[in-house]
Every structure is written in C-alpha cells, then in structure tokens.
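So the structure is just underneath, and the comments pick up after that.
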Amino acid sequence: MIEVDGLTKRFGRHVAVDNLSFTVAPGRVTGFLGPNGSGKSTTMRCMVGLDHSESGTVRFDGVPYRSISRPLSSVGLLLDASYVHPARSGRNHLRWLAAANRIGKDRVEEVLALVGLAEVADKRLKNYSLGMKQRLGLAAALLGDPATVILDEPANGLDPEGIRWIRDMLRFLASQGRAVLVSSHQLSEMSLMAEDLVVIGRGRLIDQCSVHEFVRRNTTSRVRVRSPQVGEILRQARLLGATVEYVGDSAVSDTAMISGVSIVTVGETSAKVGAVLHELTEVTESLEDAFLAVTADEQEYRSGGVA
Amino acid sequence: MIAALQAEWIKVRTVRVHWVLVIIAVAFPTLVAALVGMFNPDPQWVYSRNVIDLVSGVSVVSLLLLASLWVISLTSEYSHGTIRVTYAAVPARWKVLVSKAIVGTLVTLLVMAVTFWLAWFVGSTILNGRGASIGLGDDGVDAGGVFVSLLALAVIVSWFALGLGAIIRNSPASVVVVLLWPLLIENLVALALTLAGVESASKWMPYQQAIQAVSSDDSSPDVLGRPGAQLYFGVVALGLLLIGAVLDRRRDA
C-alpha cells in the first residue's frame with residue numbers, strides 16, 4: 001500500500017506537485033496519468049526521497065522510504081532505464097544494487113532470466129537497446145522481491161512483444177498482492193494494463209478511481225443504429241430525450257448515432273415501431289478520449305493543429 | 001554500511017577506465033625510473049636520495065591520476081543518472097560518500113604502495129646493474145618517511161577530489177579543478193594575498209605545502225613541517241568532503 005498525503009514540490013516559483021494525495025492499493029495495477037510536465041516523474045522521485053518535497057508524507061505499508069533499512073526489498077523502482085553506467089555490464093549493474101541491499105547473487109541471476117537478459121548480461125550497457133535497458137530496469141525493480149513496484153514509463157522503447165510481456169508481468173505482480181504504480185503515455189496500453197487510475201494535471205490530483213469508472217464518468221456512451229426505418233427510430237428516440245445524429249447525408253443515410261439513452265432502450269424502441277435492424281452497437285469512447293477530455297485545461301504544453 | 005561499501009567496491013572494479021587509470025598510475029613512475037636508470041650518463045654518482053626523490057616526485061602524477069579516478073567515479077554517477085539509483089538503494093546519502101571515501105582510501109594506499117616500491121626497485125636495480133651502489137637507507141635518507149608522506153598525501157588528495165566532485169558534480173570541471181588547484185589556483189591565491197600585503201602567503205597554501213612535505217628533505221615545508229603540512233591539507237580536504245556531503249544532502253538527486 002502506498003499512501004501519498006499532501007505532497008508539494010516547488011522548483012523556484014513553479015509548483016511542480018501541488019498538495020497531491022492518493023493511495024495505491026495492494027493487489028492492483030494503478031496507472032499514473034497526466035499530460036507532459038504534469039509532475040508524474042517529480043512525484044515519483046519525491047516519493048522515494050530523491051527530490052526533496054516542501055511538505056507532505058509518503059508511506060509504503062505505513063513506513064517512510066528513508067526509514068526502510070533495505071529499501072529495494074520493499075519498494076522496486078524503475079524511474080528511467082537510462083540511469084546506468086554505459087561501461088558496466090548488465091550483470092554488474094544488478095550486482096552492485098544487490099550488494100547495497102544485501103541481496104544474494106543468485107537473485108541477480110533469477111531476475112536476469114526473468115526479464116530475458118541472461119544471455120547478454122555480460123555485455124556492456126552502452127551496447128544495450130532502449131528496450132533491453134527497460135528490461136534491465138525492471139529486473140532491478142524486482143531484485144528485492146518488493147511488495148511495492150513503481151515504474152515510470154516502463155513500456156518506452158519496447159517492441160510489441162515486449163509491451164505485451166510487461167503488461168502480463170505487471171498483472172502477475174499485482175496478482176501476487178503487490179501494489180503496482182505505473183505511469184505511461186500509451187493510454188491504450190494503460191487501459192489494458194491498469195485497474196485503477198490516478199490522474200494529475202499541473203501537479204494537482206484530477207481524479208482517482210477505477211479505469212472503467214474514469215471512462216464512464218468522462219465520456220458519453222452512444223448507440224450506433226443502422227436500419228431502413230432509421231428515421232422512425234430517431235423520431236421515437238427524440239421523444240425519449242435522446243440526442244441523435246445521422247452518419248453521412250441525412251437524406252440518404254440509414255445509419256445514425258444516438259446518445260442519452262441506453263442500447264436497450266434503442267432496441268426496444270425499434271421493436272415497438274417494427275423497424276428492421278441491420279446494426280445496433282454501443283460505441284464506448286476510449287481511455288484516451290476520457291483522458292483528453294479531463295486534461296483539456298491542464299496541458300502544460302500544447303501541440304499546434306495539423307493543417 | 002558494509003553493504004554500501006561492497007556496492008561501491010563493485011562499482012569501482014567493474015568499469016574499465018578505472019583499471020586503465022590504475023595501470024597508468026602504476027606504470028608511469030616505474031617507466032620513468034627505468035628510463036632514468038637506463039640512460040643516466042653517470043650512474044655511479046646516483047645515490048639513494050636521488051632515486052627516492054625521483055620516485056616520490058613522479059608518483060605525484062600517479063596520485064593525481066588516482067584523484068581523477070575518484071572524481072570520475074563520483075561525478076559520472078551524476079552525468080549518467082546512476083546517483084538516483086544509488087540513493088534509491090541507499091537513502092542515507094552520507095553512507096554513499098563515506099563508502100566512496102573508504103574505498104578510495106584503501107585502493108589509493110594499495111596502488112601508491114605498489115607504485116612507489118616497484119618504481120624504486122626497478123630504478124635502483126637498473127642503476128646498480130650499471131655500476132651504482134644504491135641501497136635502501138643509504139646516505140641517511142628516510143625512505144620510510146617519504147613513503148608514508150606520499151601515501152598520506154595520496155589519501156588526502158583522494159578525499160580532496162571526492163569533496164570537489166560532490167560539490168561540483170561535473171566530471172570535466174571537477175578533474176580540471178583537482179589538477180589545476182596545486183599548479184594554478186593556489187599560486188593565484190598566494191599572489192593575490194601577497195599583493196594584499198600578506199607575508200609568505202605561499203607557505204599557507206595547503207596542497208603545495210603537502211606536496212613539498214613528501215620530499216626526502218623533511219625540513220622543506222617552511223611553516224608547518226611534514227606532519228603539520230599534511231595535517232593542514234587533511235583538514236582542508238575533510239572540510240571539502242563535509243561541505244560536499246552537506247550540499248548533497250540538501251540538493252535533489
């Protein structure tokens with residue numbers, strides 16, 4: 001269990017993290033979302049005392065990070081896969097980390113095998129690809145068999161097989177009762193990976209809930225209907241207070257989108273008017289849609305429009 | 001603390017450039033002693049004191065190389081970001097700096113001892129083979145005193161280097177400062193103090209005084225004598241290390 005309470009971090013006048021509070025439950029993968037510059041990485045660094053926060057507390061199973069005698073055995077961290085010495089081998093990188101927390105050499109070999117790097121463990125890290133460094137970073141995070149795992153963008157640089165592997169790995173870790181906090185910009189991946197979400201913008205908490213709840217709260221569910229009698233269905237739907245919109249030219253189109261009523265209501269209405277249905281589909285918007293809707297006013301940096 | 005020491009020892013021995021610097025540090029005085037032994041035109045007029053002074057003088061280059069090693073071993077952690085991994089593994093930051101200082105001290109002692117005696121052995125053996133008659137302790141030279149002074153200077157310079165590295169956190173800048181401090185910075189400070197009316201300012205420059213104290217003529221440090229000069233420089237180096245530790249504790253990693 002991670003408990004973050006009232007965390008605040010400033011860089012000069014800029015408030016990077018603003019009175020942020022959230023919890024990460026054991027046995028679940030919690031996604032940490034926010035636009036670029038929203039303070040996700042700073043929060044993670046503050047959580048483990050790498051950056052000094054102005055105020056607030058962070059506890060791991062009730063204990064501050066600095067009070068844990070062998071921290072890697074309680075909290076596994078992957079903040080940036082590039083935090084390695086390029087002239088050192090992957091095995092030696094893990095060995096010094098293991099030594100610092102009195103973790104046996106056998107465990108180094110175990111995690112190397114677990115992440116699929118055993119065969120290249122003696123290569124110098126300057127020869128590793130970003131994906132290999134991500135795997136090494138995950139091996140380092142798992143070195144102490146920790147109850148809590150914190151990963152910042154672990155899927156960066158991974159190929160599709162690697163992304164799927166890390167998704168399965170995080171779910172597996174959570175299934176063992178570990179608290180897993182993971183940030184990622186790959187929202188489609190996050191929707192598959194995480195069960196809960198902590199969403200921040202400009203260093204402030206925007207929402208904390210399950211992924212399903214977050215999408216439900218922040219998107220509009222619509223029903224797509226295709227029928228030769230679509231006009232009659234829409235007329236009845238309007239009477240029920242629904243918002244309707246033809247797909248394509250209303251004069252010729254047999255397809256429409258209906259929002260404000262459930263798919264069950266649309267089906268029953270169609271039956272009532274004796275309409276033949278060629279399609280009846282609930283169109284649910286994605287985590288990306290929900291995220292963009294929620295963080296529209298919280299973007300630190302905005303892209304220009306595409307001409 | 002033992003765990004942090006083990007981690008630092010693994011870090012030092014698992015980077016190739018560290019070994020290269022150690023090999024050069026050992027080889028350079030040995031090579032110079034060998035060349036002097038081979039090409040000195042009048043070997044019969046070379047005495048023990050000359051060889052000791054040659055070896056101790058050239059060994060200063062070795063201790064500067066080792067100082068560069070300790071600077072790089074610390075500052076490269078900042079440049080590669082591994083300091084964050086280090087402090088995540090060992091949240092008590094002072095333990096990391098103290099571990100680096102202890103590992104640095106032990107390796108420096110070992111390397112400088114090997115360097116000094118290997119260079120002495122090679123130089124004196126070659127010269128003796130060409131007609132010289134050089135033995136340890138001949139002509140009243142205090143070889144042991146010079147050796148201990150050299151070791152002390154090397155250890156103090158390693159602390160000095162680590163302290164500067166912790167303060168500056170940048171490899172090129174830290175190495176330049178460590179190398180230029182005795183050659184340039186203390187001379188400029190002494191000049192400024194002299195212009196300000198301070199008498200014999202150069203006698204109070206800690207690094208230069210400590211280097212002079214290594215000479216076989218132990219009366220050479222004008223003000224403090226051999227132990228005093230090294231104690232003075234040791235306090236300065238420990239002060240820098242302490243400032244580095246305090247700054248490191250306050251700064252974000």
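The values are calculated or read from the model by the stated rules, or taken from the named source; none is laboratory data. Here the structure is a predicted model, which means the values were calculated and not measured. Cβ sites come from the backbone with ideal geometry, for glycine too, and all protein chains shown count toward neighbours.
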Residue selected from the range B:45-78 under the condition of a type in the set (D, E, K, R) and surrounded by fewer than 20 Cβ atoms within 10 Å (Cβ to Cβ), by the criterion farthest from the chain's Cα centre (by Cα) | B:ARG49
Helices (runs of 4 or more DSSP H) wholly in the range B:146-238 with at least 1 residues that are aliphatic (A, V, I, L, M) and closer than 22 Å to B:GLY57 by Cα - which ones?
-> B:171-180, B:206-212
What number of residues within the range A:71-104 are more than 18 Å from B:THR82 (Cα to Cα) and either polar (S, T, N, Q) or more than 7 Å from chain B (Cβ to nearest Cβ) (or both)?
-> 4
Within the range A:30-48, the count of residues that are touching a helix residue (DSSP H, G or I) at 6+ places or on another chain (Cβ under 8 Å) and at pLDDT 95 or above comes to 5
Which numbered condition B:ARG249 misses (of (1) out of contact with any Leu (no Cβ under 7 Å at 6 or more places or on another chain); (2) more than 14 Å from chain A (Cβ to nearest Cβ); (3) surrounded by fewer than 19 Cβ atoms within 10 Å (Cβ to Cβ)) = (2)
For helices (runs of 4 or more DSSP H) lying entirely in the range B:1-116, having 2 or more residues that are among the basic types (Lys, Arg) picks out B:2-13
Tell me which residues, restricted to the range A:32-67, are assigned to a helix (DSSP H, G or I), in contact with a strand residue (DSSP E or B) (Cβ under 9 Å, 6 or more places away or on another chain) and of a type outside the set (Ser, Thr, Tyr).
-> A:LYS40, A:MET44, A:ARG45, A:CYS46, A:MET47
Checked B:THR75, B:THR82 against criteria (of a type in the set (Val, Ile, Thr), modelled with pLDDT of 95 or more and closer than 27 Å to B:TRP181 by Cα); the one match is B:THR75
Based on what the data block shows, is A:VAL111 over 18 Å from B:GLN6 (Cβ atoms), in contact (Cβ under 8 Å) with a residue 12 or more places away in the chain and either outside the structural domain of A:LEU7 (by TED's automatic domain parsing) or assigned to a helix (DSSP H, G or I) (or both)?
-> yes
Please tell me if A:GLN236 is in contact with a strand residue (DSSP E or B) (Cβ under 6 Å, 6 or more places away or on another chain) and polar (S, T, N, Q).
-> no
Selection from the range A:42-71 of residues under 20 Å from A:LEU151 (Cβ atoms) and acidic (Asp, Glu) yields A:ASP51, A:ASP61
Quick count over the range A:54-67, residues being at pLDDT 95 or above and within 10 Å of another protein chain (Cβ to nearest Cβ), is 2
Please identify the pairs in which a residue from the range A:259-279 that is outside the structural domain of A:VAL244 (by TED's automatic domain parsing) has its Cβ atom under 7 Å from the Cβ atom of a residue that is aliphatic (A, V, I, L, M), counting only partners at least 6 apart or on another chain.
-> none
